[in-house]
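**Student:** Shown below is the structure under consideration.
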């Protein structure tokens, strides 16, 4: 999106910043949980039909912790868990339609943040966008 703001609007920058804060852990336990939940859903989607070990490797967490988190996502209706037809001892994980919708919905940026960002000068918006790009590349 090329405009007065550079390649991103204040709303897009605010949404990207909110997603980044979520991914980097946020300031609260709730923000960290939401970020981890999105990471797990993304790992399931990227490796469908996913196994527990594939998801654990993708999010760099132990299988027991991932198993508990996946159980919560199954109960929430975001992940479907079925026996793998190729190996009945293994479970195949897939996102449900609700899981896909949840993952496809960007984090909600604070409207006041968007308003404050929209007051920045063009050069400041470009600098902010560049900073967000750098932060998005940080390893998790």
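The values are calculated or read from the model by the stated rules, or taken from the named source; none is laboratory data. As the structure is a computational prediction, the values presented were derived from the model and not from experiment. Note that each Cβ is placed from the backbone with ideal geometry, even for glycine, and that neighbours are counted across all protein chains shown.
**Student:** Can you confirm whether residue 133 is at pLDDT below 90 and not in a loop (DSSP other than H, G, I, E, B)?
**Tutor:** Here the answer is yes, as residue 133 does meet what is asked.
**Student:** Still on this model: For segment 19-125, list the helices (runs of 4 or more DSSP H) that sit wholly inside it and hold at least 3 residues that are at pLDDT 90 or above and surrounded by 12 or more Cβ atoms within 10 Å (Cβ to Cβ); which are they?
**Tutor:** Because the criterion is at least 3 residues that are at pLDDT 90 or above and surrounded by 12 or more Cβ atoms within 10 Å (Cβ to Cβ), the helices (runs of 4 or more DSSP H) in segment 19-125 that meet it are 29-46, 52-59, 63-75, 97-104.
**Student:** Just wondering, is there one or more residues in segment 3-11 that are part of a helix (DSSP H, G or I) and at pLDDT below 85?
**Tutor:** Here is the first cut: in segment 3-11, the residues part of a helix (DSSP H, G or I) are 10-11.
Filter again for at pLDDT below 85, leaving 10-11.
Yes - at least one qualifying residue is present in segment 3-11.
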